[in-house]
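The values are calculated or read from the model by the stated rules, or taken from the named source; none is laboratory data. As the structure is a prediction and not an experimental result, all values here were calculated from the model. Here the Cβ positions follow ideal geometry from the backbone for every residue, glycine too, while neighbour counts run over all protein chains shown.
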Amino acid sequence: VEAMSTEAELQKIEAIIFDAYGTLFDLNSVAEDADKIYPGKGRDLLHHLRSKQLEYAWLRTIIGKYKDFESITKDSIRFALKKLDLPVIDDAVDRLYSRFLDLNPHSDVENALNDLDSLSIRVSILSNGTQEMMDKVVEHAGLSLLAEEVVSVEGSHRFKPHPAAYQHGLDRLEIYDRKRALYISGNTWDVAGAKSFGMLVGWVNRTRQPFFDQELLEFRPDYEFEDLRQIKQLLRV
Ligand code: 2OP
């Protein structure tokens, strides 16, 4: 854990805010299911759909033509199927989309959230997913009691990493000082966005990538974790 902030800053934290996809929830089951429908293509499908899903979200945020994350996810599934020359069958699109509602949490998540539950700190989620997507995936993963507040950016009509999306989260959580929120993400673009916005930020780097993007060093996270259970150690100082 690389510490760039002071203990005093940590003691002021009111809430920990987690990103959802790729941070709490493991997207690999989408690839596994895709592999059952389209043998041998699951990983490529997930790769194309995930990058298109982000691109569509960001494009629509920049040009100001919002569409919700359910529609964007289905659009990106269709794109990925076409890209790989696979038939675009509505049932398959729906089935792949529905995987986003019943993802498994990463293996460290339940313990980490349980640990945080015993500290008096609020635990919340801020996602680009719709409220309905979030409510379903959180409930399915059995995390409803551990994540007190689950917020979708949809009320802001902008997606992360636009500052308005993070601001919407803080407004909904009634946190008036950005520095009192510790934001945790496994996605480097989200780390950069949250850091630029002004929160304290932790990057969960489970795959132990050697570097945070060198080109984005001005937005480097305050903390880096290999596993979410390390957050508790940080807060117990
Ligand atoms: C999120 O859950 C898409 O990972 C992103 O907001």
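Apart from one condition, L143 fits all of (1) at pLDDT 95 or above; (2) surrounded by 15 or more Cβ atoms within 10 Å (Cβ to Cβ); the exception is (1). The listed residues are V137, V93, and the only one of them that is assigned to a helix (DSSP H, G or I) and within 16 Å of the ligand (Cβ to nearest atom) turns out to be V137. Annotation note: Cβ proximity below 8 Å between a residue of region 190-206 that is under 19 Å from T6 (Cα atoms) and modelled with pLDDT of 95 or more and a residue that is of a type in the set (D, E, K, R) and within 14 Å of the ligand (Cβ to nearest atom) (sequence gap 6+ or interchain) occurs for A194/K160.
Within region 109-134, the residues that satisfy the criterion of being within 16 Å of the ligand (Cβ to nearest atom) and in a strand (DSSP E or B) are V123, S124, I125, L126, S127.
For every residue, the table says whether it meets (1) out of contact with any strand residue (DSSP E or B) (no Cβ under 8 Å at 6 or more places or on another chain); (2) more than 26 Å from P163 (Cα to Cα); (3) part of a helix (DSSP H, G or I).
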site: W189; (1), (2), (3): yes, no, yes
site: G193; (1), (2), (3): yes, no, yes
site: G202; (1), (2), (3): no, no, no
site: R206; (1), (2), (3): yes, no, no
site: F211; (1), (2), (3): yes, no, no
site: L216; (1), (2), (3): yes, no, yes
site: P221; (1), (2), (3): no, no, no
site: L228; (1), (2), (3): no, no, no
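Determine which member of the set Q233, Q167 is of a type in the set (S, T, N, Q), away from the ligand (no atom under 16 Å from the Cβ) and in a helix (DSSP H, G or I). Steps first, please.
Numbers: Q167 fails: away from the ligand (no atom under 16 Å from the Cβ).
That would be Q233, the only listed residue that is of a type in the set (S, T, N, Q), away from the ligand (no atom under 16 Å from the Cβ) and in a helix (DSSP H, G or I).
Which ranges mark the helices (runs of 4 or more DSSP H) fully within region 1-90 that have 3 or more residues being in contact with a Ser or Thr (Cβ under 8 Å, 6 or more places away or on another chain) and within 16 Å of the ligand (Cβ to nearest atom)?
42-63
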